[in-house]
1. Could you pull out every one of the strands (runs of 3 or more DSSP E) wholly within the range 129-181 that has 2 or more residues that are within 15 Å of residue 204 (Cα to Cα)?
2. Please go through the range 88-144 and give me each residue that is free of Cβ contacts under 8 Å to residues at least 40 places away in the same chain, under 23 Å from residue 330 (Cβ atoms) and not hydrophobic (A, V, I, L, M, F, W, C), ordered by number.
3. Any residue that is over 17 Å from residue 373 (Cβ atoms), in contact with a Leu (Cβ under 9 Å, 6 or more places away or on another chain), open to solvent by 30 Å² or more (accessible area, probe 1.4 Å) and modelled with pLDDT under 90 - is there at least one of those in the range 106-124?
4. Please find, among 350, 340, the residue that is more than 22 Å from the chain's Cα centre (by Cα), under 18 Å from residue 57 (Cβ atoms) and either modelled with pLDDT under 90 or open to solvent by 10 Å² or more (accessible area, probe 1.4 Å) (or both).
5. Does at least one position in the range 294-303 carry a residue that is closer than 30 Å to residue 210 by Cβ and modelled with pLDDT under 90?
6. Inside the range 85-110, can you point out the residues that are within 15 Å of residue 60 (Cα to Cα), of a type in the set (Val, Ile, Thr) and not in a loop (DSSP other than H, G, I, E, B)?
7. If the Cβ limit is 6 Å and pairs must be 6+ apart or interchain, which residue in the range 180-191 that is touching a residue at least 60 places away in the same chain (Cβ under 8 Å) pairs with which residue that is exposed (fewer than 12 other Cβ atoms within 10 Å of the Cβ) and in a strand (DSSP E or B)?
8. Any idea which of 82, 98, 66 is modelled with pLDDT under 70 and either surrounded by 17 or more Cβ atoms within 10 Å (Cβ to Cβ) or among the polar types (S, T, N, Q) (or both)?
Amino acid sequence: MEDFHEDILSEILSRVPRESVLNCKLVSKTWNILLSHRKLEVGILLCVASVRERNIQLHYGYYDEIIAITDDDHESFTYRTIEKTKHPVINKRKVIDIMVGSCNGLVCFLVPHHRVEDPVYICNPTSGEYVNLPRINSEKGLIVSGFGYNCSANNYKVIRIHYPNKFCYNFPPSAGRVQIYTLGGGDSRGWRNLEDIDYSLAFNGTHLNGSLYWLEWLDQKIVVFDLAEEEFRLLPPTPPCFIRAKGAYYRLAVLGGHLCFVHHKWEVGVDIWSFKSKPTDNSAAVKGYESWSWSLDFSVPFPYLVTQSDYYKPFALTRNNEVLLWFNHTTLCCYDPKTDIFSNILVGDDELKYLRGIPHVNSSVSLKALGVNSKMRKYGDKVKDKSSQCATLECKHDAASLIKIT
């Protein structure tokens, strides 16, 4: 095929199934260049915990396929309609946000042990490859986690910040003990200790373009961790709505390729603020965020009155600029700002404990090729371990950083 004219080869490769694009990019430099023009299609990796099933199940589907199924037969549509992924076994958890993050096909999960939730389980749900990282040597406290990709060194990093004297996010401040684990890049030193921090961070870190972002819960700030430099700093401008208020609920997300601040207002709706740069000739200013600002991009009204225990969590944008949201861990919703229509796409049943999802790209990225002593999950028939034959995928984008779900 290398002898074909570039136009012909490009036409042939344009018909490659989307599930095979990442594998085909590894064939040759020519294929990689031609296939790089195709946008990676981001799907939704659903994490399902049901009453009857012993373990957590993962289901994966593309948004357009989910919409098509919903339109055809809305009455019978459930999470079971979406293809089930034959992933390594994941035991049920008490914590709901067990997925720390997804990068280039690898997913980091929290593992409960003693009284902490530890980010030590990494797997590729597509290939069945997985690894269990060493657990923290502690039986109490609060762990705040993050998972991201460092493009400059082609490696993945897991961050865990242990607050031994805290048991909830709004507990009085205490020093956080920072540890980092690097997957790839020749780093096999295990967990490394960084300097302690005084920030009171909350929730799992949000990954975008080589950095992790957390809310500073007590002082209403946003903290950035650069994965390449391994340094913490404050994001200078904060959203004007980030204040202590009754009934307010705040989270960070990546929507449309931008860092977003989600303000959940009880009885009103959800405001989504995007962090964007203004045109400038001063590159140094752009790097230092001096020319960046927050803008209110979406105001999503609640379709009906909600209680203080109810909440909507935006997590992605579609290619039609519709906002995807999770409602109360059981319902996938969609809001169209053009028509102001709010619709339920996927609704849980009585057998469901919780249902959550994150943007995810299927890929063949190999933990073993990254130098990790991983294992391969077997499913009935013996599964061949192809990871040693597969080159590490050099991808500069994770599912959340792509512009739209396409």
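1. On the way: elements: 129-132, 142-150, 155-163.
Those strands (runs of 3 or more DSSP E) span 142-150, 155-163.
2. 91, 94, 112, 117
3. No, because not a single residue in the range 106-124 is over 17 Å from residue 373 (Cβ atoms), in contact with a Leu (Cβ under 9 Å, 6 or more places away or on another chain), open to solvent by 30 Å² or more (accessible area, probe 1.4 Å) and modelled with pLDDT under 90.
4. Details: 340 fails: under 18 Å from residue 57 (Cβ atoms).
Answer to the selection: 350.
5. No, because not a single residue in the range 294-303 is closer than 30 Å to residue 210 by Cβ and modelled with pLDDT under 90.
6. 107
7. Listed by first residue and then by second, the contacts come to nothing, as the list is empty.
8. Numbers: 82 fails: modelled with pLDDT under 70; 98 fails: modelled with pLDDT under 70.
Selected residue: 66, the only one of 82, 98, 66 that is modelled with pLDDT under 70 and either surrounded by 17 or more Cβ atoms within 10 Å (Cβ to Cβ) or among the polar types (S, T, N, Q) (or both).
The values are calculated or read from the model by the stated rules, or taken from the named source; none is laboratory data. These figures come from a predicted structure and were not determined experimentally. For neighbour counting, all protein chains shown are included, and Cβ atoms are generated from backbone atoms with ideal geometry for every residue, glycine included. Calculation scope for accessible area: heavy atoms of the full protein, side chains included, ligands and nucleic acids excluded. Shrake-Rupley method; radii C 1.70, N 1.55, O 1.52, S 1.80 Å.
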